[in-house]
1. Tell me which residues, restricted to the stretch 31-49, are part of a helix (DSSP H, G or I) and loosely packed, with under 15 Cβ neighbours inside 10 Å.
2. Mind telling me which of the residues Ile171, Ile198, Ile88 ends up being in contact with a strand residue (DSSP E or B) (Cβ under 6 Å, 6 or more places away or on another chain), farther than 21 Å from Lys18 by Cβ and not assigned by the TED database to the domain that holds Asp51?
3. If I ask for residues that are part of a helix (DSSP H, G or I), out of contact with any strand residue (DSSP E or B) (no Cβ under 8 Å at 6 or more places or on another chain) and more than 18 Å from Ile82 (Cα to Cα), which ones from the stretch 107-144 would you list?
4. Which one of Tyr98, Tyr67, Tyr81 is modelled with pLDDT of 95 or more and under 30 Å from Glu156 (Cβ atoms)?
5. Mind listing whichever residues of the stretch 111-126 are without any contact (Cβ under 8 Å) to a residue 60 or more places away in the chain, surrounded by 15 or more Cβ atoms within 10 Å (Cβ to Cβ) and under 21 Å from Asp77 (Cα atoms)?
6. For the stretch 87-106, enumerate the residues that are in a strand (DSSP E or B) and either under 14 Å from the mean Cα position of the chain (by Cα) or on the phi > 0 side of the Ramachandran plot (or both).
7. Filter the stretch 172-216 down to residues that are modelled with pLDDT under 95 and of a type in the set (Lys, Arg) and give me whichever is nearest to Tyr98 (Cα to Cα).
8. Quick one: in the stretch 72-109, which of the residues that are under 20 Å from Lys3 (Cβ atoms) and among the hydroxyl-bearing types (Ser, Thr, Tyr) is surrounded by the fewest Cβ atoms within 10 Å (Cβ to Cβ)?
Amino acid sequence: MIKCVLFDFDGTLIDSNKVVVNCLKDSIQKYTNKEVQLKDLIPILGKPIIDQMRFFSEEKCEEMTEYYRISYRINEDANTYIYDNIEILLRNLKDQGYVIAITSNKGRRGIEFGLDKFNLTSYIDYIVSVEDVEMKKPHPECVFKVMKEKGFSKEELIIVGDSPHDIGCGINAGIKTILVSWTLFPMEEFSKNSPDFIIDDPLELMDIIKNESKIKKVR
């Protein structure tokens with residue numbers, strides 16, 4: 001029986017795609033003189049920022065990371081949005097006694113900013129940010145951290161995300177996985193890490209966690 005739902009943050013709960021992509025493009029162009037398109041960013045999206053920058057320049061990755069962070073903070077308030085029905089979903093989960101955790105490759109400051117902006121903080125029981133683990137998703141350390149801190153078994157957890165890193169993390173941890181269909185990633189990116197379920201609307205998650213043994217899986 002599912003008792004705890006683990007959510008990725010960017011691209012899953014919060015639509016930050018515009019600001020993320022624009023800040024990445026700007027940082028990469030400034031320090032490497034390369035003009036990149038969304039398709040060029042697909043291999044790095046969802047990874048920690050320093051790893052994203054290292055993909056384009058090992059030598060300048062730290063400068064690029066700092067520039068990205070400054071640019072992101074300037075633009076995040078006006079260019080981030082909450083996906084439809086997310087607040088309703090979190091409220092329903094909370095009202096029905098589920099534990100809600102964030103497991104993200106994003107920094108804690110950014111997670112807490114987004115939660116505060118959209119009045120979601122009260123729904124969240126636990127946060128595992130990029131600063132809280134040694135190994136980043138798709139490594140399952142963030143899942144194991146929740147299990148240890150909250151006392152859950154693998155069978156009691158399910159992870160929801162938009163990237164192959166999220167789904168791979170769940171698979172590596174041995175827990176159920178849900179992919180959101182509003183992902184920026186092409187579906188072929190999930191050929192090696194296929195999710196158990198795919199949802200088109202956040203509220204579909206309620207049916208899955210209540211009846212996951214009865215619902216036909218993707219994988």
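The values are calculated or read from the model by the stated rules, or taken from the named source; none is laboratory data. None of these values were measured; they are calculated from a predicted model. All Cβ positions, glycine included, derive from the backbone under ideal geometry; neighbour counts span all protein chains shown.
1. Of the residues in the stretch 31-49, the ones part of a helix (DSSP H, G or I) are 31-32, 38-41, 49.
Hits for the stretch 31-49 are Leu38, Lys39.
2. On the way: Ile171 fails: in contact with a strand residue (DSSP E or B) (Cβ under 6 Å, 6 or more places away or on another chain); Ile88 fails: in contact with a strand residue (DSSP E or B) (Cβ under 6 Å, 6 or more places away or on another chain).
So the residue among Ile171, Ile198, Ile88 that is in contact with a strand residue (DSSP E or B) (Cβ under 6 Å, 6 or more places away or on another chain), farther than 21 Å from Lys18 by Cβ and not assigned by the TED database to the domain that holds Asp51 is Ile198.
3. Matches in the stretch 107-144: Val130, Glu131, Asp132, Glu141, Phe144.
4. Going through Tyr98, Tyr67, Tyr81 in turn, the sole match is Tyr98.
5. Glu112, Phe113, Leu115, Lys117, Tyr123, Ile124
6. Step one: filter the stretch 87-106 for residues in a strand (DSSP E or B), giving 99-103.
Ile100, Ala101, Ile102, Thr103, listed by residue number.
7. If we take residues in the stretch 172-216 being modelled with pLDDT under 95 and of a type in the set (Lys, Arg), then Lys210 is nearest to Tyr98 (Cα to Cα).
8. Ranking the qualifying residues of the stretch 72-109, first place goes to Tyr98.
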